[in-house]
Structures are given as C-alpha cells and as structure tokens.
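Participant: Supplied in structure tokens, the structure appears directly below.
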Amino acid sequence: QVQLVESGGGLVQAGGSLRLSCAASGLTFSNYAMGWFRQAPGKERELVGAITWSGGDIFYVDSVKGRFTISRDNAKNTVYLQMNALKPEDTAVYYCAARHAVSTKGSEYPYWGQGTQVTVSS
C-alpha cells in the first residue's frame, strides 16, 4: 500500500532552518505530484506548496514564498521542504501528500503522511 513518511521536524528558534523529508513507497513516485500542507493548533489545514511530478513547476503559499523551497528526488522517492527564516507562526504539524496531478486543494489528495511537528520558538 501507499506509504508517505515525513521526517525532520523538531524545535527550532525563530530565524532558524529545518529540512523536512517525505519518503514515499507503494507508488510510482515519479508519476505523482506532491504537496506539503500544515495544520496549526485550532486552525484549518493549509497548503504550504506543491510540486509537479517532474519538479518543473512549484507553487507556494504567499506566506512562505522566499523562505521555503520544495524539491524532489525521484530516484530516491523523496520530496523535501527546506524551511529557512522560520517564524513562530510556522509552528504546525507538516504533512506531505501525493496526487497524480498537482493541486492546491488538500481534499484532492488521496495519500497522506502521518505528519511531523515543527515548533518555532520566539
């Protein structure tokens, strides 16, 4: 079955960096677009960004543009989220998700990871 496993979360001070990884199995990874989403306590899940199967197109929510970078390595079946200049408001559980075609809507992604916690202290 499809498995997406996130890693790399943790506690970091404001201004710091983290790199999240999402390792996929049970699917032909290079056929899937990947999305990163996050959910803060008491808030709805929101898109962070998404990358097409080839990596040729990448989308970001405005609040992370210029600070976060999504990339993928199809040979390793892994997608990454490099997060720089982190802010306390970036604190959330971060999820990766897979879908055949890229979408900015979480409801359209059939496959999800379990999430990894990112906490940014001020």
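The values are calculated or read from the model by the stated rules, or taken from the named source; none is laboratory data. None of these values were measured; they are calculated from a predicted model. Note: ideal-geometry Cβ built from the backbone for every residue, glycine included; neighbour counts use all protein chains shown. Quick note on the areas: whole protein, heavy atoms, side chains included, nothing else; ligands and nucleic acids left out. Shrake-Rupley method; radii C 1.70, N 1.55, O 1.52, S 1.80 Å.
Participant: Specify, per residue and in Å³, the volume enclosed by the convex hull of the alpha carbon atoms belonging to the chain. Write out the running numbers ahead of the final one.
Facilitator: Details: hull volume 11.0 nm³, N = 122.
Value for the chain: 90 Å³ per residue.
Participant: Something else: With only Lys, Arg, Asp and Glu charged, each at its Cβ (+1 for the first two, -1 for the last two), find how big the charge dipole of the chain is about the Cα centre; round to the nearest 20 debye. Numbers along the way, then the final one.
Facilitator: On the way: 11 positive and 9 negative charges, 19 e Å.
The calculated dipole for the chain is roughly 100 debye.
Participant: Here's a follow-up. Please give the net charge around residue 41, taking every other residue with its beta carbon less than 14 angstrom from that of residue 41, where Lys and Arg add +1 and Asp and Glu add -1.
Facilitator: Numbers: positive: 38, 43, 45; negative: 44, 46, 89, 90.
Its environment carries a net charge of -1.
Participant: Using a Gaussian network model on the chain with a 10 Å cutoff between Cα atoms, which of 21, 71, 107 fluctuates the most?
Facilitator: Of the options given, 107 has the highest mean-square fluctuation.
Participant: Along the Cα→Cβ direction, 7 angstrom out, place labels at residue 40 and residue 84. What is the inter-label distance in nm?
Facilitator: 2.2 nm
Participant: Please list the non-local residues whose amide H lies under 5 Å from the amide H of residue 72, H modeled 1.01 Å from N, same-chain partners needing a gap of 5 or more.
Facilitator: 80
Participant: Which percent, to the nearest 5, of DSSP beta bridges fully inside the chain are antiparallel? Each step should come with its number before you reach the end.
Facilitator: On the way: 37 of 41 bridges.
Of the beta bridges lying entirely in the chain, close to 90 percent run antiparallel.
Participant: Round to a whole number: what % of the accessible area of the stretch 53-120 belongs to carbon and sulfur, probe 1.4 Å?
Facilitator: Details: 1700 of 3410 Å².
Reported share for carbon and sulfur atoms: 50 percent.
Participant: Can you check what the net charge comes to around residue 30, using other residues whose Cβ is under 13 Å from the Cβ of residue 30 (Lys, Arg +1; Asp, Glu -1)? Walk me through the numbers on the way to the answer.
Facilitator: Values: positive: 72, 76; negative: 73.
My count for the surroundings of residue 30 gives +1.
Participant: Lysines within cross-link reach of residue 43: Cα-Cα under 28 Å, excluding same-chain residues under 8 positions apart?
Facilitator: Leaving aside lysines fewer than 8 places away in the same chain, those within reach of residue 43 are 65, 87, 105.
Participant: In square angstrom, what is the accessible area per residue of the stretch 15-116 with a 1.4 angstrom probe?
Facilitator: Working: 4870 Å² over 102 residues.
For the stretch 15-116, the per-residue accessible area is 48 Å².
Participant: Something else about it: Given charges of +1 on the Cβ of Lys and Arg and -1 on the Cβ of Asp and Glu, with all other atoms neutral, how large is the dipole of the stretch 24-79 about its Cα centre, in debye to the nearest 20? Intermediate results must be reported in sequence, preceding the final value.
Facilitator: Values: 7 positive and 5 negative charges, 31 e Å.
The calculated dipole for the stretch 24-79 is roughly 160 debye.
Participant: Let me ask you something else. May I ask which residue of 79, 112, 96 lies farthest towards the positive end of the charge dipole of the stretch 64-122, with charges of +1 (Lys, Arg) and -1 (Asp, Glu) on Cβ and the Cα centre as origin?
Facilitator: Value: 79.
Participant: So what are the three principal axis dimensions of the stretch 1-72 from its Cα atoms, in whole Å, longest to shortest?
Facilitator: 36, 25, 23
Participant: Relative to a virtual label point 7 Å from the Cα of residue 104 in the Cα→beta-carbon direction, which members of the stretch 31-59 show backbone nitrogen distances below 12 Å?
Facilitator: From the stretch 31-59, the list is 47-50, 59.
Participant: What number comes out for the charge environment of residue 67, summing +1 per Lys or Arg and -1 per Asp or Glu over other residues with Cβ under 10 Å away?
Facilitator: +1
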